[in-house]
Number of protein chains: 2
Amino acid sequence: MVSVHHTAGTTPPPSVATVRYELITLGDELLLGLTPNGHLTFIGAQLGRRGALLQRNVTITDEADAIAAQFRESWARAEVIITTGGLGPTCDDRTREVIAGLIGQKLIFDPLIERAIEERFVKFGRKMTANNLKQAYVFDRGEVLPNAHGTAPGLWVEQDGKVLIMLPGPPNELQPMFLDQVVPRLAARGLLQAREAYVQLRTAGIGESALETKLQPIFDRSGGKLSVAFCAHQGAVDCRLSSPTGALSAGELEAVAAECVQLLGDDFVCSGHDSLAHVCAELLRAREKRLSVVETATGGLLAQAFTEVCGACKFFAGGVVCCSNDAKMQLLDVPECLLLQHGAVSEEAAVAMATGASETLGADYAIAVTGFAGAAETGAVTNGNPVGTMFIGLFTPAGVWAKKLSYPGPRSTIKIRAVNAALDWLRRELLRAQRGEATPTRRSGAMQ
Amino acid sequence: MVSVHHTAGTTPPPSVATVRYELITLGDELLLGLTPNGHLTFIGAQLGRRGALLQRNVTITDEADAIAAQFRESWARAEVIITTGGLGPTCDDRTREVIAGLIGQKLIFDPLIERAIEERFVKFGRKMTANNLKQAYVFDRGEVLPNAHGTAPGLWVEQDGKVLIMLPGPPNELQPMFLDQVVPRLAARGLLQAREAYVQLRTAGIGESALETKLQPIFDRSGGKLSVAFCAHQGAVDCRLSSPTGALSAGELEAVAAECVQLLGDDFVCSGHDSLAHVCAELLRAREKRLSVVETATGGLLAQAFTEVCGACKFFAGGVVCCSNDAKMQLLDVPECLLLQHGAVSEEAAVAMATGASETLGADYAIAVTGFAGAAETGAVTNGNPVGTMFIGLFTPAGVWAKKLSYPGPRSTIKIRAVNAALDWLRRELLRAQRGEATPTRRSGAMQ
């Protein structure tokens with residue numbers, strides 16, 4: 001068992017990657033499939049960003065026996081154990097008591113927490129019941145992690161050369177507590193890196209293997225000091241550059257990343273974790289341009305990608321979701337004869353829809369997505385186009401085009417890939433416009 | 001250790017609830033937070049429907065040592081072990097080899113699987129690489145679960161009084177395999193109930209404790225033979241009635257459920273698992289009515305709820321997603337003076353938007369949602385309305401109304417609750433119209 005480093009390290013020790021992290025997520029609602037296990041996704045990603053790999057996640061029931069058995073096993077093999085849930089006021093919430101017994105801690109009443117709970121109830125005009133005071137009991141040899149968004153505080157214990165972190169279940173309470181209180185404490189003890197462990201370059205419109213081939217000359221020159229990981233997700237690939245042995249300094253890593261960005265050209269989306277829609281939004285805002293969208297098969301997903309960006313009203317003129325030809329004709333002035341002649345799923349329709357969305361909503365740019373994402377009951381070929389056929393139309397101040405794409409896989413995948421392809425096309429056109437380049441003349445549908 | 005029942009039982013044995021199920025989900029992408037653990041959600045829910053509670057889910061890395069250590073521990077304590085992932089063609093896919101070694105199975109080459117893999121590559125016009133044939137190796141004393149949607153078949157082993165089920169990682173391959181092949185086999189061995197273990201009554205617009213109080217007289221009469229569980233999710237509560245001891249027959253359980261439905265009135269949404277949008281869609285289709293929506297703060301979620309329903313074109317006339325007043329005025333003919341006088345987040349605006357959405361899109365019914373769902377950077381009070389204030393407008397053939405709602409919590413919760421409230425209001429109006437009842441006269445905003 002590697003012992004836990006208690007000295008505050010300034011240089012991230014390479015051992016961070018070898019620290020054994022385990023996450024115990026509690027709750028019947030997870031095992032019954034009522035709630036997705038978002039804590040695994042969140043905590044796994046946050047640890048990864050700071051150079052640690054979560055070794056194991058165990059989801060168990062709320063029963064005292066199950067908690068005791070699992071905690072005993074995990075405590076014997078892990079160095080940092082994080083638990084989520086089971087800290088609330090009801091009789092189901094047994095985690096605190098069970099674990100206190102196992103690690104020989106006494107539970108003591110903390111009047112400061114009592115006051116914070118009472119104040120929270122007063123603030124929201126609710127009546128506090130007596131069982132809420134259960135949450136004011138804390139370990140006698142531990143620290144309290146105050147909860148800014150709820151009543152149950154988190155608990156932090158260092159004992160037997162290990163760290164135990166107990167977090168409340170609601171995501172809006174857990175997530176800020178983890179980022180603001182847990183990450184800095186772990187970093188100060190050398191159990192997480194003090195800054196992000198890797199430089200992430202987001203790319204789009206290029207496959208994983210083509211990306212690797214393109215960047216290989218740069219990787220080769222690093223002579224084994226560089227570690228590279230690729231994470232592909234539905235038309236976008238993230239490339240993560242790191243130096244786990246510390247052989248490359250932060251500055252050297254940034255220099256390698258800059259070389260990659262140079263070589264990638266417009267395939268490069270951004271450094272870090274911003275979404276494609278966010279990057280498009282920045283480009284639109286910088287040039288004070290507005291965007292509108294119209295979609296059929298993606299059913300609102302494209303509009304949502306933009307409305308999720310903070311301050312969307314500044315650049316998002318609006319979106320139209322339609323299934324029927326009526327809606328296209330009424331809202332967007334798409335001529336009926338065009339839809340009848342070419343079909344609603346066609347390049348011509350995509351061009352007319354994008355143009356209509358731009359004109360009706362007074363937007364400089366407009367995206368249209370129309371196609372067959374497939375349904376549970378159909379695998380049909382419609383109008384010569386099999387399921388997975390999508391047409392994207394893009395209206396810009398320089399012209400309007402459409403292209404045909406085709407995706408395999410289930411409905412949900414087809415929808416996300418079409419949205420990402422549409423966002424990526426818009427992004428490339430915005431980059432071209434930003435550089436003052438003329439958009440290459442081409443026939444509708446001739447692109448990519 | 002309870003031994004596994006190999007006899008095909010016709011009556012569901014009460015012991016199903018005591019069978020120890022464990023799920024091992026493999027993959028660094030889960031532990032790094034790149035992919036949510038959807039297998040837990042899906043398999044947990046499916047087992048729960050057939051009377052079994054998944055006891056534990058363990059997520060581990062793809063490393064051979066980690067797989068071996070975890071499998072050994074789980075095999076010693078569980079009766080049914082399900083693994084997901086690690087059956088693919090690459091060198092990362094070690095699950096088959098590692099587990100074969102641990103349970104003393106030989107891997108043998110199956111030419112039938114080879115042919116199925118080859119045919120699949122031909123069908124999709126792709127070139128097969130040699131490593132794909134790794135997927136044609138199966139246990140010498142086990143069964144193969146054919147994969148209708150991919151190359152890696154599932155594996156089924158009964159040994160040492162236990163069942164081992166190994167499933168491929170992609171959800172669109174795993175899910176049909178689990179429903180079509182795994183569930184019937186488990187049921188035939190008495191490890192799952194042959195039919196749904198509970199009757200689920202979906203309700204909306206009534207809180208969990210109010211629901212319990214309302215139904216308590218019926219529960220009391222069952223004299224302890226009935227088990228009741230409530231599952232609350234964002235404005236909707238499911239009530240699950242079961243008889244784990246078998247004291248109530250299926251018919252008696254249905255009779256209790258029918259009594260509950262009677263007492264619940266319009267708070268009852270449906271029996272089973274249909275979504276609120278699906279129930280609204282059925283009501284609209286039955287009366288050949290069409291619906292349109294317009295939304296600001298929910299940014300496309302409401303339109304998505306309807307476009308996710310199969311055959312949405314039959315009843316969904318279209319949706320508009322807007323942030324700016326311009327879009328409301330241009331697309332929906334909402335008068336500018338109204339927006340200026342009352343604000344875009346007001347009952348008046350909600351009424352005008354719903355009316356505009358109905359008229360412009362030629363729909364019989366229309367829902368409008370406008371409000372402040374909050375953003376990461378703001379907690380501001382706008383125009384006297386704090387974050388969480390939502391106005392819903394409902395246009396029907398009988399009139400148009402709006403109501404004000406207020407939700408606490410994070411942005412994502414506020415959005416889902418507003419969508420559910422809007423769907424529930426529409427559903428109630430459709431029920432009233434179906435019964436030919438006059439909608440009660442009331443002032444805008446006076447409802448609920």
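Structure summary
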quantity	calculated
Radius 14 Å from Cβ of A:Cys337, net charge of other residues (Lys, Arg +1; Asp, Glu -1)	-2
Label point 7 Å beyond Cα along the C-beta direction, distances from A:Cys310 to other copies (nm, shortest first)	4.3
Ascending list, in nanometres, of distances separating the A:Asp220 label from those of the other copies (7 Å, Cα toward Cβ)	8.2
Order of B:His233, A:His149, B:His39 under a 10 Å beta carbon neighbour criterion, fewest first	B:His233, A:His149, B:His39
Among A:Ser15, A:Thr84, A:Leu431 the positive-end extreme of the charge dipole of chain A (Cβ point charges)	A:Leu431
Average partner coverage of A:122-134, which counts Cβ from other chains inside 10 Å	0
Local electrostatic count at B:Gly409 - Lys and Arg +1, Asp and Glu -1, tallied over other residues with Cβ under 12 Å	+2
Cα lying deepest toward the dipole's positive end in region A:161-300, options A:Pro171, A:Thr213, A:Val269, charges on Cβ	A:Pro171
Within straight-line cross-link reach of A:Lys404, lysines at Cα separation under 23 Å, skipping those fewer than 8 residues along the same chain	A:Lys328, A:Lys415, B:Lys123
Dipole magnitude (debye, nearest 20) for chain A, charges at Cβ of Lys, Arg, Asp, Glu	620
Residue order, fewest to most surrounding Cβ atoms within 10 angstrom, among A:Tyr407, B:Tyr21	A:Tyr407, B:Tyr21
Alpha carbon centroid spacing (whole Å) that separates region B:30-94 from region A:395-438	37
Cα centroid of region B:266-325 to Cα centroid of region A:110-173, whole Å	41
Dipole magnitude (debye, nearest 20) for region A:14-188, charges at Cβ of Lys, Arg, Asp, Glu	380
Axis-nearest residue of A (beta carbon) for the A-onto-B rotation, whole Å	A:Gly300, 2
Disulfide-incompatible cysteines by the Cβ rule (no partner under 4.7 Å) in chain B	B:Cys91, B:Cys231, B:Cys239, B:Cys260, B:Cys270, B:Cys280, B:Cys310, B:Cys322, B:Cys337
All aspartates and glutamates inside 19 Å of B:Lys134 as judged from Cα atoms, apart from same-chain residues fewer than 8 positions distant	B:Asp62, B:Glu63, B:Asp92, B:Asp93, B:Glu97, B:Asp110, B:Glu114, B:Glu118, B:Glu119, B:Glu143, B:Glu173
Exposure proxy ranking, count of Cβ atoms within 10 Å, fewest first, for B:Ser249, B:Ser227, B:Ser242	B:Ser249, B:Ser227, B:Ser242
Neighbourhood net charge (12 Å Cβ-Cβ; Lys/Arg +1, Asp/Glu -1) for A:Gly388	+4
Exam field: B:Phe124 pseudo-label spacings to other copies (7 Å along Cα-Cβ), nanometres	4.7
Positive-end residue of A:Thr360, A:Ala327, A:Val309, charge dipole of region A:276-434 with Cβ unit charges	A:Val309
Modelled FRET efficiency - R0 30 Å, A:Met128 with B:Ser406, Cβ distances, 0.05 increments	0.90
Residue mean of other protein chain beta carbons inside 10 Å, B:304-317	5
Highest-first arrangement of A:252-261, A:349-358, A:184-193, where packing means the average Cβ count within 10 Å	A:349-358, A:184-193, A:252-261
Charge dipole magnitude, Cβ of K and R +1, D and E -1 - the protein assembly as shown, Cα centre, debye nearest 20	120
Shielding by partners, peptide B:55-67 (average Cβ within 10 angstrom, other chains)	4
Chain B - percent relative contact order, Cα under 8 Å, separation 6 or more	11
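A short reminder: the numbers here are calculations on the coordinates, not readings from a lab. Not measured: the values here are computed from a predicted model. Reconstructed Cβ throughout: ideal geometry from the backbone, glycine too, with neighbour counts over all protein chains shown.
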